[in-house]
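This report concerns only the one structure given below.
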Amino acid sequence: MTRIPSEVELEISKFCNNIRQHTYVRSVDIALATVLILKKLIGESTWTDSGELIQLIRSQANRLNEGQSIDSITFNIIRRILKLIREESSRILHGRHEGDMPLTLQGFSETVSRTEEKENDQTLNQKSADGTETDVENVAVQKPALTSDNVPMINLKPELMFSLNEYNFEIGESGKMISRESIQHIHANELILTLGHSHTVEEFFKYAASKKRKFQVFVMEQAPYFSGHIMAKNLADLNINVTVVTDSAVFALMARINKIIIGTRSLLANGGLTAKCGTYNLALAAKHYSVPLLVCAAAYKFSPTYLPSFDPVMCNSFDSPELILPYNDRMQSSLDVIVPMYDYVPPELVTLIISSGQGNAPSYVYRLVSELYHADDNDLERQNRTIS
Amino acid sequence: MRPLATNSDYREEERLTCVLVLDTFNAHLNDVISHTTLPLCLWPIDGQPLIDYTIYTLIRSGIQEIILVSTAHTFEIRSYMLNSQWTKTYSCNIQLVPCKHARSLGDCLRDLDQRGFITNDFLLLYGSGCLLTNQKLSSLFQLHKDNVKQDKNCVMTLVYRTLHHVEHSSLTDDTSLILIKDKKTNRLYDYIKQAFYQQQQSNSPSFHIPLELFERNACLETLYCPLDLQLSICSPDVLTLFSDNFDFLTINDFVKGVLRDEEIAFHTVYCHLYETGYFLSVHNLHLYMKASIDIIRRWTFPLVPETLALLQKTSQTISSPSSSTISLPTTSPVSTPIALQTRLFWSLYPVVYDKRNIYKQGVISLDRDSHLEIDVYIGNGTQILSNVYLKQTVIGQNCKNSRISNSIIWNHVQIEENCQIDSCVICDNVLIRSGCQLGKQSILCKGVIIGTKVVLNDNTIIVASSINTNDMGDQDEVEIDTEATARRTRRTESMRLSDKSSSTTGTGDGEKFCDTKLVGQDGLGQELLLNILSDDDDDDETEQEQRTLYNAWGTLLQRRNQPANNGSDTDTESDVNIKTGNKLSKQFASSGDVASGDIRKKSISSSLSSDPNGSIHSESATSSEDEDADVNEFQREVLQSLKRGYEEKPRVENLIVELNMLKPTYVVSQNEFIQSITRCVFLLPREVQNKTSTTPNYFDLLIQTLTQTTVPILKNYVRLDDENSQLLCLQELENLCLDNLQTLGTRIHQILDFLYDQDVFAEKWILKWYDSKKLENEAKTTNQDQQHQQYWTNLKTFVNWLKTADEED
């Protein structure tokens, strides 16, 4: 059994603490912190070979994800890193030239961003072709590598650290990568609708504004959190023409809107979203008026899981009623108040998903997910549950 | 396994400490608690022990050190904490400090001060130590620091939550208060506790604000009934202040004291008001039920059952290979450790949230015809049969159910069909047979069986007749238990009378407990009466008074007699004596301390001397044969001398001379002289207490007086080589003990040990005396109540110890 040194234990509990305290404001912060924790875990704990390391990380996965849902960023990052470990070990085992494919894949989004000028569909075809190949290979190759679980630490560790650093950089840049797309999507004098506050979307608009694109933004205030107010303020500071509208006005407004750009909490394997409450509303209205709904989502938001249930309650979490009914109200103990935090938006209502470097249709998400993560890791959350 | 390494780099400047005092010091509630074998902090709230919610909050707030101060049930709390995730997973350093003899918050804090744990500012959670909140408390430290920066004399910042409605359901009688504070700086100027009570009693809903306050040019703000979070941030000075002032029992006393002595000590108190966020300090049953429902209704988000269950589950799977070795006990757990382990297993199942706030833990079987209305939590393994209607109910594990609303049901409860249960707490292993109706606010303690078609009145508390007094090394708990049984079984005439005269909640009547009448032919259990002030526990009446002012639901009890309330003077204690009935010759000296609303009542039972100032407290009537007035008078004189000796501390030789002088003045024999001296020595602490109205523990005071003055005197008169005087003294001590079982009797071994150490008593005389007693003791023990038995067992253990110690020598 592998041991985790006490410093790393400490780091992990600190991380859990921070998650619990909601110290991380942006999703990218959580992503980076998770990578950092895993780097520490890999770097400082004792393990002999890749198989053991994978076991180690998997054993810690649920603890790291404590209190978050199964489609959380933490799980996604862990899955991605597990995939990196598998790739690296197979590359070491089978020599450089066979490992080239996974390497390209891993630097997938990077290559894409470098070849930004290229035609989109061309890249897509190429990638998908690569993807199928390597996937088949991976399955074939990794079986012996894992059963004999023998890629020793000495060989694996430096390589792994290198790719982890690369991954870290990639996450850090993901917001910027997405925002570069904005020029292609936001055209002059368009009316754009967004919902609430999202750092990714804010950056998206910021980039477009910095390129002297003129456009007008409508921000839905997202009751009862009213994060839309913050968004509107931030955008107004950038001299973007902003209007705040109530959530209920979305249908009335929709006919005038050219485009909807929103963020999301996570992107499920079927292309559906779990996003801020009110998004479903918005998406239905958009569908009715055939307004395109674009979703900005970094790669770490792609989750290989599906909805646990189609019951809208099961995939949601419910906040304190205090947002709607003040605690000092005398009806506090007698009124039922329901405050859902998220909406599930089915993939057919989503037009385009903008992730680092390119746009994809929601129906293509399952492909991306299978490239990002290894199939064995998709049941990460179930692993510990069965033990207990 | 306790991670001692603290994450020091986390917040470098200072270690954030929180002190939780896990006792409500409410005697009624403690009575109920003692019958559930679980301390309040481990009572389940939606599948988790109450304290987990608090610790979760504290860890969320970044608190690095948690100090739990427990007065009772230390064993349970310790074993829970050791087995829980908190000590295993978190670097947060959790310490458990047992304060067994503490009878008030002040005692606990004095104990902490002696231990010297605390050097920084700390969060103090009093009440029950269990605060439910979804806010982070870390900002309070900064807030207090700011207050100190502005005003370096600030020692404490009290925390409240504004409520705009007095009818708010989170307010109970015992938290009501009025604050007068500076609007800008939040400095506290006046603090009036028990506002409701005050109003009801004095018929004049007014209070006066001292004129000086307006002279300070401050902008005053009065707050009527903010929600008391029972939370404060204290400077370490607070502990020393508590140590310096023995009369500070509660925070209320402390704040009053600090405000009163402001001109002398210059200490100030500030307050902070939360405007948003959910807060609830669970310190009575009403709030316990409210907390359960509020959590189900997600007011405490993110502290909701599914999050906490997840938390527990994951850490369990990581940390403890040992957990798998403990087998689940199949049937009703008898001994405490097993019971605790089952409780730990609660958390192992994930909780699923469903529409209408319905939580399902683990595997449950739910009949199609059952109707879950709203706000229901169902524990793992529970069977819900057909035609069951559930609303606002928490059900523990492995229960079978019927028709329930607004209730909390613990583990292993079986409820048969056609029962109606509303607003009840039903503890572990209760069986309710078919057709029962339980009244509102009933409590069924562990192991009770309610027979067929029984209808219980409101506010009934049923306990199982067989209380397993678990002597797991918890002195206080045993005390509570024995006290309770003593109340039920050894019901002396006077107690019965007092009970009749004072029955308040309508349930207390003098009749013998008829189990079958109450709980049915096939039932098991008897009613627990809560409103009896035990007569022989009168060493700390005011304290007792504060402990019994409110019932377990936190509502104010009707007074036995309405104490006359001459509501003018604030600081001087005006003793108004009201006799409650000549038969009892009971005196209630109620000190109408009006500004504080702190009504203290001293019940002094004295059979012979009914002089109005109640200066001598002699229970001699039952014990001694016929002591004439002269001896009484003489005793009084001796007592006065001793008191003076204690207070003014003259040389002991002088005191002895004085006592010798007294002897010829009154006609007393040598034997009577020694008896009187002994009696007075043990009455002295009470006297000192009565005089100064400070009420620390009687026993502590006894030791104090003994060491300071009376040991040399005893030694002088009761010489080691004098058999007669030694035996007389011991005999007199025993008489005293038997008269005051609660305070002296159960501590006999400690007293004897102390006096033996001080060479007052010689070993051979103790042994001889004991031998002479032995025969009659054994004859007596059969029909004696528990406290008597405890007295004898304590005595026996001491003598045995003495013997074995001798052999070792």
Hits in region B:259-280 (condition: under 27 Å from B:Asn245 (Cβ atoms) and among the polar types (S, T, N, Q)): B:Thr268
Residue in region A:265-280 that is away from every other protein chain (no Cβ under 14 Å) and more than 30 Å from A:Val35 (Cβ to Cβ) present: yes
Residues within region B:130-174 that are in contact (Cβ under 8 Å) with a residue 40 or more places away in the chain, more than 23 Å from B:Pro302 (Cα to Cα) and more than 14 Å from chain A (Cβ to nearest Cβ), tallied: 13
Test result for B:Arg60, under 27 Å from B:Asp375 (Cβ atoms), within 14 Å of chain A (Cβ to nearest Cβ) and at pLDDT below 85: yes
Single match in B:Thr276, B:Thr314, B:Thr307 (criterion: surrounded by fewer than 22 Cβ atoms within 10 Å (Cβ to Cβ), within 29 Å of A:Ile70 (Cβ to Cβ) and either within 10 Å of another protein chain (Cβ to nearest Cβ) or at pLDDT 75 or above (or both)): B:Thr307
Close pairs from region B:715-729: first in contact (Cβ under 8 Å) with a residue 40 or more places away in the chain, partner among the hydroxyl-bearing types (Ser, Thr, Tyr), Cβ under 6 Å, at least 6 apart: B:Val718/B:Ser725; B:Cys729/B:Thr678
Helices (runs of 4 or more DSSP H) wholly inside region A:1-84 containing at least 1 residues that are within 14 Å of chain B (Cβ to nearest Cβ) and at pLDDT below 80: A:6-21, A:50-64
Flag for A:Glu322 being crowded, with 21+ Cβ neighbours inside 10 Å, within 13 Å of chain B (Cβ to nearest Cβ) and either out of contact with any helix residue (DSSP H, G or I) (no Cβ under 6 Å at 6 or more places or on another chain) or at pLDDT 85 or above (or both): yes
A:Val291 under 15 Å from the mean Cα position of the chain (by Cα) and either more than 14 Å from every other protein chain (Cβ to nearest Cβ) or modelled with pLDDT under 90 (or both): no
Number of the exception - A:Asn258 against (1) free of Cβ contacts under 8 Å to residues at least 40 places away in the same chain; (2) surrounded by fewer than 19 Cβ atoms within 10 Å (Cβ to Cβ); (3) not basic (Lys, Arg): (1)
Pairs, first within 25 Å of B:Phe117 (Cβ to Cβ) in region B:216-235, second surrounded by 14 or more Cβ atoms within 10 Å (Cβ to Cβ) and among the acidic types (Asp, Glu), C-beta under 9 Å, six or more apart: B:Ile233/B:Asp121; B:Cys234/B:Asp121; B:Ser235/B:Asp121
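Quickly run through region A:325-338 and pick out the residues that are over 30 Å from A:Ser72 (Cβ atoms), touching a Pro at 6+ places or on another chain (Cβ under 9 Å) and more than 8 Å from every other protein chain (Cβ to nearest Cβ).
Correct list: A:Leu335 only.
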Test set (1) surrounded by 23 or more Cβ atoms within 10 Å (Cβ to Cβ); (2) at pLDDT 85 or above; (3) out of contact with any Cys (no Cβ under 7 Å at 6 or more places or on another chain) - B:Asn147 fails condition number: (3)
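Could you say which residue among B:Ile656, B:Ile616, B:Ile713, B:Ile674 is farther than 24 Å from B:His101 by Cα, modelled with pLDDT under 70 and aliphatic (A, V, I, L, M)?
B:Ile616
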Residue list for region B:373-420, filter: away from chain A (no Cβ under 14 Å), of a type in the set (Val, Ile, Thr) and in contact (Cβ under 8 Å) with a residue 24 or more places away in the chain: B:Val394, B:Ile408
Which numbered condition B:Tyr191 fails, given (1) at pLDDT 85 or above; (2) in a strand (DSSP E or B): (1)
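Of B:Ile449, B:Ile432, B:Ile443, B:Ile462, which residue is modelled with pLDDT of 80 or more, farther than 24 Å from B:Arg356 by Cα and touching a Cys at 6+ places or on another chain (Cβ under 6 Å)?
Result: B:Ile432 is the single residue among B:Ile449, B:Ile432, B:Ile443, B:Ile462 that is modelled with pLDDT of 80 or more, farther than 24 Å from B:Arg356 by Cα and touching a Cys at 6+ places or on another chain (Cβ under 6 Å).
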Leading residue by the ranking (surrounded by the most Cβ atoms within 10 Å (Cβ to Cβ)) among those in region A:340-382 that are outside any helix (DSSP H, G or I) and among the hydrophobic types (A, V, I, L, M, F, W, C): A:Val350
Sole exception among (1) at pLDDT 80 or above; (2) assigned to a loop (DSSP other than H, G, I, E, B) for B:Asn411, by number: (1)
Set B:Leu177, B:Leu143: member being under 14 Å from B:Leu229 (Cα atoms) and in the same structural domain as B:Leu285 (by TED's automatic domain parsing): B:Leu177
Search result, residues across region A:330-339 that are crowded, with 16+ Cβ neighbours inside 10 Å and of a type outside the set (S, T, N, Q): A:Val337, A:Val339
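The values are calculated or read from the model by the stated rules, or taken from the named source; none is laboratory data. Small disclaimer: the values here were computed from a predicted structure and weren't measured. So basically every Cβ, Gly included, is an ideal-geometry build from the backbone, and we count neighbours across all protein chains shown.
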